[in-house]
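The values are calculated or read from the model by the stated rules, or taken from the named source; none is laboratory data. Model, not experiment: these values are computed from the prediction. Here Cβ is always computed from backbone atoms with ideal geometry, including for glycine, and neighbour counts include all displayed protein chains. The protein model used for the area step is the full one, side chains on, heavy atoms only, and it has no ligands, DNA or RNA in it. Shrake-Rupley method; radii C 1.70, N 1.55, O 1.52, S 1.80 Å.
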Amino acid sequence: MKIFLAVFDGYRMSDSTIQYAIQVTQAVDGHLVGVFLDDFFYRSYDVRSALTASGNPDKAIQELDEKDKKKRDSSVLLFQKQCSKAGIKYSVHRNTNVAVQELKNQSMFADLIIVNENETFTKYKEKLPTRFIKNVLGDIQCPVMVVPGKYRAVDKIVLLYDGRPSALYAIKLFSYLFGNILDMPIEVFTVNEHSQNLRLPENKLMREFIKRHFPKAQFKIAKGNAEEQIVGYLRDHKENELVVLGAYRRSELSRWFKTSMADILMKELNTPLFIAHSS
């Protein structure tokens, strides 16, 4: 049985994460784990303001912490109710360790992580991709499904392929997790940036691979700038795609300076992304 982790901030419960997680868990008859990262450093209120605004700081902090606990508890209860209603197998993990480190640790024992692209695990909103998402994608031990803020049921799969090992690795992992269980159209999309022909990189081998793993898949090949072609192609669609793409494992320094296709798609589109990187 496959184990999927749905990641939540108990102060700002993501409904889209629950809905996407339920959809993919139902598809494979898997087990969904609600991971509530109750980082002990993270509070919903400003501690300094609470200390200076009250004549009894200790009591004020105690009361605010109790309110925070109730918020987090109610989020767990909501997750449990939604999973029970959907009829899926589930469990809950609650951890008070540093959020990103805890998730990296749990990823070693999971087949897939589902997380909202807007998660920060701080009181503040950030531009996409957030620091939390960048850190997760940079050094996680299983594929990640990054989902937008609004849920739309997935009805098409787009496999991005550029001939690189990272792209093929992501497609392999997606195949191993879902295969043809997701009964919906599948398309392989390739952009030839440096060639005028409309052939896939490693054309024969790739077509044989796709035929075995996704026998009904269609191929779409474009020419031009990869970023422009991919964003434009996906933006023009009426379908609700899940986009599968690879990413390189990069050092903590380089990931802040080199933009990845995943970063671009998070900024430009409201589309769930299945992201995997090879070692």
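Figure legend: label point modelled 7 angstrom from the Cα of LYS156 along Cα→Cβ; residues of the range 215-234 with amide N under 18 Å from it are 215-223, 228-234.
Provide the per-residue ³J(HN,Hα) series for the range 118-125, in order, calculated from phi with Karplus coefficients 6.51, -1.76, 1.60 and θ = phi - 60°, each as a whole number of Hz, with x at glycine and proline positions. Here the 3J(HN,Hα) series is 8, 5, 10, 6, 9, 6, 10, 7 Hz. Couplings 3J(HN,Hα) for the range 136-151, derived from phi with the Karplus relation 6.51 cos²θ - 1.76 cosθ + 1.60 (θ = phi - 60°), are 5, 5, x, 7, 9, 9, 7, x, 10, 9, 8, 10, x, x, 10, 7 Hz, where x marks Gly and Pro. Neighbours of PRO272 by Cβ distance under 13 Å: Lys/Arg scored +1, Asp/Glu scored -1, total -1. Once you reduce the range 170-223 and the range 1-70 to the center of their Cα atoms, the two points are 38 Å from each other.
The residues of the range 1-76 present an accessible area of 48 Å² per residue when probed at 1.4 Å with all protein chains retained. Axis angle, to the nearest 10 degrees, between helix 165-178 and the longest C-alpha principal axis of the chain: 70 degrees.
With helices as the sole contributors, the chain gives -12500 deg cm²/dmol at 222 nm; each DSSP H run of n ≥ 4 counts as -39500 (n - 2.57), and the sum is divided by every residue. Summing +1 for each Lys or Arg and -1 for each Asp or Glu among the other residues whose beta-carbon sits under 10 angstrom from that of MET13 gives +1.
Would you mind telling me the share, in percent, of accessible area of the chain contributed by carbon and sulfur at probe 1.4 angstrom? Carbon and sulfur atoms account for 50 percent of the accessible area of the chain. The distance between label points at ASN105 and VAL92 comes to 2.0 nm (points 7 Å beyond Cα on the Cα→Cβ vector). Here the simple spin-label model places points 7 Å from the Cα toward Cβ, and for LYS238 and ASP58 these points are separated by 6.6 nm.
Selection among VAL100, HIS31, SER49 by position relative to the dipole of the range 7-150 gives SER49 as farthest towards the positive end (Cβ unit charges, Cα centre). For the chain, modelled as a Gaussian network with Cα springs under 10 Å, which listed residue fluctuates most, ARG48, ARG131, ARG164? Of ARG48, ARG131, ARG164, the most mobile in the Gaussian network model is ARG48.
Compared with the dominant principal axis of the Cα atoms in the chain, helix 203-213 is inclined by about 60°. A simple packing score, the average count of other Cβ atoms within 10 Å per residue, orders the peptides 205-218, 263-276 as 263-276, 205-218, with the highest score first. The listed peptides 100-110, 79-89, 33-43, ordered by packing as a protection proxy, come out as 33-43, 100-110, 79-89 (highest mean of other Cβ atoms within 10 Å first). Could you tell me how many degrees, from 0 to 90 and to the nearest 10, lie between the Cα long axis of helix 57-86 and the main elongation axis, the longest principal axis, of the Cα atoms of the chain? Tilt of helix 57-86: around 40 degrees.
Summed over the residues of the range 91-182 and divided among them, the accessible surface reaches 43 Å² per residue at a probe radius of 1.4 Å. Relative to the current alpha-carbon distance between LYS70 and ILE264, full extension at 0.36 nm per residue lengthens the span by 66.2 nm. Taken one residue at a time, the phi angles of the range 110-116 give Karplus couplings (6.51, -1.76, 1.60, θ = phi - 60°) of 10, 8, 6, 10, 10, 8, 6 Hz. Gly and Pro are set to x.
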